[in-house]
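Enquirer: Provided herewith is a single structure, encoded as C-alpha cells, for subsequent inquiry.
The values are calculated or read from the model by the stated rules, or taken from the named source; none is laboratory data. Just so we're clear, the structure is a prediction, and the values are computed from it rather than from any experiment. Here the Cβ positions follow ideal geometry from the backbone for every residue, glycine too, while neighbour counts run over all protein chains shown. Note: areas computed on protein heavy atoms with side chains; ligands, DNA, RNA excluded. Shrake-Rupley method; radii C 1.70, N 1.55, O 1.52, S 1.80 Å.
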Amino acid sequence: MFTWSLFGTSPRRGETSARPPAMIIAIAIVAIVPFVTKAAIANDSIPAEREMVSAAHPLAANAGRDILAQGGSAVDAAIAMQVVLSFVEPQSSGVGGGAFLMHWDAEDQNLQSFDGRETAPKAVTEGLFLNEKGRPISYRDAVPGGRAVGVPGVFRMLAMAHKQHGKLPWADLMQPAIKIAGEGFAITPRLHGLLTRYEAFLTRFSASRGFFYTEDGKAKPVGAMLQSTAYADVLRLVAEKGADAFYEGPIAKDIVDAVTNAEHATGMMTLADLASYSPKERDAVCAPYREHKVCSMGPPSSGATTMLSILGLLEGFNMKSYGPNSLLGTHLFAEASRIAFADRDRYVADPAFVDIPVKSLVDRDYLKTRRALISLDRAIETQVQPGKPGTIKGAFADHDGPDVPSTTHFVAVDSEGHVASMTASIQTPFGSLVMVRGFLLNNELTDFSFVPRVEGEPVANRAEGGKRPRSSMTPTLVFDPEGRFRLAIGSPGGSRIIDYTTKVVVGVLDWELDVQAAIDLPNIINRNRG
C-alpha cells in the first residue's frame, strides 16, 4: 500500500506517485506510515504477487523496483532507495545522516536490527548546548552549522547489512542514484515549498544557497532541474572502493572541513571520528500484542520500548469493542501514550553509556501496574511520573529538549520473502543546512537533552563524546500467530513517529482495518508534556 503526506516523506496531491508494476508482490501487507495532516492525501496502492517496494519519492521507489527486478534482495533495494532519496528528498534523510534497519530473513526465520545512528564526536561534552551562563541555547541556534552534526552512520550500516544479505554487487546499487544525480530531477511543488519555507536559513550557507536557490536568493522554481556531479562523484567513489571511501580520504576531509569551518556555528568532528565510526547489529525488541508479535528497534531508539509499552497498556482493554475514532478508544490510546512517554524520557539513551531496563519496560506485569493509572471516565490530571521498571542502576533526570518532525521510511520485500524496513533521517528539514559534495549533513546531536543535569542528577540522554543520541525512529515488523510476516511499517515525524506507528498497529490488529484505512485514521498524540 502506498500513501503520501504533506511533510516528512512524500509528494503532495498532483505529483507522480511511486507505482510499482503489477507483478510486485503482496505476500504480506506492506506500508509507509506517513505524517498525516488534514490536507488531502493521494492514495495509490497496487496489488502485488511477488515483490514490493514503498518509498516517499517515485524515483526512489523505481530504483528499488529495478533492483528487485534484477534479482536483488530486499536489502539491495533499500540501499538503492536510500542513496536516491539522499538526492531527491534532501530535507528528510541522506548519506550525511543515520538510519535504523529491521531485516526479516524468511528462509532462516531470523530477525535482525541494524543501528546506523550517528555518534557525537569524541570532543563533545555534556555542555554542548549550554551557553556561557550554563543555560540551554535555543533550538533555533542549535540547529544550523557544525555544532550539532553527528558522525554519519548510513553508509557503513548499509555495508554491514549488504555483506550479510546483499545479492547484487555493491557498486550496482549506486548506479540508479548516479544516473539521477548526473541527469538531474525536476523540483516538485513539495520540495519548492520547503525551500521557500526554509529560505532564511538555507541561504545563510553558501553551498546550500548555490545549489537550491537562484542568484537573487529565491528557491528554484517547480520543474527546474537539480543536478549534482559532486554527489554522483561521491557515489562513484563509494561504488568503487566501498563504504570506507566515505569515512576516509577526500570525502571525509571535506566533511570535517565543512563542520569545523561551518557558517553560524562550528563543530568538533575530526577525521579520527569518521574513521572510527562503527555500525551495530542489535537485538530486536519484541513483545506480544493480542495473538501477534510486534518487533521494532531497541535503544538507542526509543521506538520499540515506547510503542510496545503503549500496546501492553492497551492490551488490558477491549479496544476492538470501542472501534476506531470512538471517544473511549481515543482516550485510552492517549492515556497509554503519556504513560509510556514518561518512562521513555527518563530511561532511554545509548545502551553503551546507560544501563537501560529494556525487558522491564515492556514486561506485562510491570505494565499491569502502570495500567492502574488509567481510568475509563477521566483523564490523568497531572503530568505522569516515570515508573520503576525493574532494577535501575543510577539515578536519572528527565530529558529536556525538542522533538521535531522530519525523517523518511521505506520498505522492500523481495522474491524470497525477505523484508527490509528502514527509517532514515538527517533530523530537522535539511538537517544542519551544511552541504558537502552535494549532500546535506545532519543535526542529530539536537536529539540529546539540552539540559544535561537536573538538580545534580544526570540526564540519561545527555550529550557525551562518542555517544549516540536517543532516537524515535520506529521501523516495525509484525508477525501473525503462526510466526509469519504480516506487516512492515514506519513513519517520519520526530517523537510523534511512535504514536503514528502504534496507531496503525492498533488499527490493523484490533479494528481489523486494511493498512490504508489504518493509516488514514486521525493521529492521536500524547507525549506527556503536561
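Enquirer: With every protein chain present, what accessible area does Y289 have (1.4 Å probe, heavy atoms only), rounded to the nearest 10 Å²?
Expert: Surface accessible to solvent at Y289 totals approximately 0 Å².
Enquirer: Check cross-link reach from K241 to the aspartates and glutamates: straight Cα distance under 18 Å, and skip same-chain residues fewer than eight apart.
Expert: Within the straight-line limit of under 18 Å, K241 reaches these aspartates and glutamates: D76, D172, D233, D254.
Enquirer: What FRET efficiency comes out for N261 versus K133 if R0 is 25 angstrom and r is the Cβ-Cβ distance? Round to the nearest 0.05.
Expert: Efficiency for this residue pair is about 0.40.
Enquirer: Please return the longest range in the chain lying between exposed loop sites, taking GluC sites (Glu not before Pro), DSSP loop only, at most 10 other beta-carbon atoms within 10 Å, and leaving the sites out.
Expert: Between exposed loop sites, the widest span is 1-106.
Enquirer: Given just the C-alpha atoms of segment 169-315, how large is their convex hull per residue in cubic angstrom?
Expert: 203
Enquirer: Now, a different point. Per residue, how much accessible surface does the chain expose to a 1.4 Å probe? Answer in Å², no decimals. All intermediate terms of the calculation are to be shown ahead of the outcome.
Expert: Numbers: 18860 Å² over 530 residues.
For the chain, the per-residue accessible area is 36 Å².
Enquirer: Per residue of segment 240-253, in order, report the coupling 6.51 cos²θ - 1.76 cosθ + 1.60 (Karplus, θ = phi - 60°) as ³J(HN,Hα) in whole Hz, putting x for Gly and Pro.
Expert: 3J(HN,Hα) across segment 240-253, in whole Hz: 6, 10, x, 4, 4, 5, 7, 9, 9, x, x, 5, 4, 4.
Enquirer: Using a probe of 1.4 angstrom, how much of the accessible area of the chain is carbon and sulfur, in percent?
Expert: 50
Enquirer: Amide H to amide H under 5 Å from L440: which residues, 5+ apart in sequence or cross-chain, H placed 1.01 Å off N in plane?
Expert: G96
Enquirer: If you don't mind, there's one more thing I want to ask. Sort out for me the Cα centre separation of segment 333-385 from segment 66-114, rounded to whole Å.
Expert: Result: 31 Å between the Cα centres.
Enquirer: May I pose another question? Give me the distance between the Cα centres of segment 220-285 and segment 461-499, rounded to whole Å.
Expert: 24
Enquirer: Another one. State, as an integer percentage, the relative contact order of segment 210-363 based on alpha-carbon contacts under 8 Å between residues 6 or more apart.
Expert: 14
Enquirer: Counting each DSSP H run of 4 or more residues in the chain as -39500 (n - 2.57), what helix-only mean residue ellipticity at 222 nm follows after dividing by all residues, to the nearest 500 deg cm²/dmol?
Expert: Helix contribution divided over all residues of the chain: -9500 deg cm²/dmol.
Enquirer: Okay, moving on. Using the Cα atoms as the points, what is the convex hull volume per residue of the chain in Å³?
Expert: Measuring per residue, one finds 133 Å³ for the Cα hull of the chain.
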